[in-house]
């Protein structure tokens with residue numbers, strides 16, 4: 001996405017609840033880059049508690065509404081936008097349903113102990129050729145979102161006036 005689609009934590013919850021078919025919701029995950037994960041870990045509720053919680057089974061992983069948040073390096077999943085206001089990616093869905101990995105040709109191995117300088121260094125070198133292709137097979141199995149910052153949640157303020165009691169003396 002070229003512009004931020006998410007601005008509050010509730011937007012992320014809405015994405016989880018409504019963005020993909022309920023049949024694949026159980027196997028869906030969230031994916032963001034390292035910088036995006038850092039921004040998500042800083043979001044707090046009205047009491048100052050962090051909203052992104054560690055997985056109780058594996059504390060080095062994070063969960064949002066029970067969905068695992070997978071971190072991809074900024075190198076492989078870069079942020080968009082300007083340096084002063086980066087646009088962090090956030091994908092949600094079942095990526096095993098969304099794409100298929102095809103082996104385009106059988107694996108080819110070729111060892112040599114003569115060529116490529118192997119004879120001079122008394123080594124054996126191995127050439128491996130493997131060709132793969134990835135094709136998108138179900139475009140509705142995931143959704144793409146982005147954010148620049150997720151705002152902290154604010155508390156509900158009770159604006160109703162509280163009744164007061166006064167003592168009146170009878171005359």
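The values are calculated or read from the model by the stated rules, or taken from the named source; none is laboratory data. This is a predicted model, so every value here is computed, not measured. Note: ideal-geometry Cβ built from the backbone for every residue, glycine included; neighbour counts use all protein chains shown.
When residue 39 is tested against (1) closer than 24 Å to residue 153 by Cβ; (2) out of contact with any helix residue (DSSP H, G or I) (no Cβ under 8 Å at 6 or more places or on another chain); (3) in a loop (DSSP other than H, G, I, E, B), only condition (3) is not met. Filtering the range 43-75 to residues that are in a loop (DSSP other than H, G, I, E, B), within 15 Å of the chain's Cα centre (by Cα), under 23 Å from residue 152 (Cβ atoms) and free of Cβ contacts under 8 Å to residues at least 60 places away in the same chain leaves 52, 55, 61, 65, 66. Applying the set (1) modelled with pLDDT under 90; (2) surrounded by 10 or more Cβ atoms within 10 Å (Cβ to Cβ); (3) in a loop (DSSP other than H, G, I, E, B) to residue 108 leaves exactly one unmet item: (3). Within the range 87-96, one or more residues are surrounded by 10 or more Cβ atoms within 10 Å (Cβ to Cβ), over 14 Å from the mean Cα position of the chain (by Cα) and either touching a residue at least 60 places away in the same chain (Cβ under 8 Å) or not in a strand (DSSP E or B) (or both). The number of residues in the range 14-36 being surrounded by 15 or more Cβ atoms within 10 Å (Cβ to Cβ), closer than 24 Å to residue 139 by Cα and touching a residue at least 24 places away in the same chain (Cβ under 8 Å) comes to 12.
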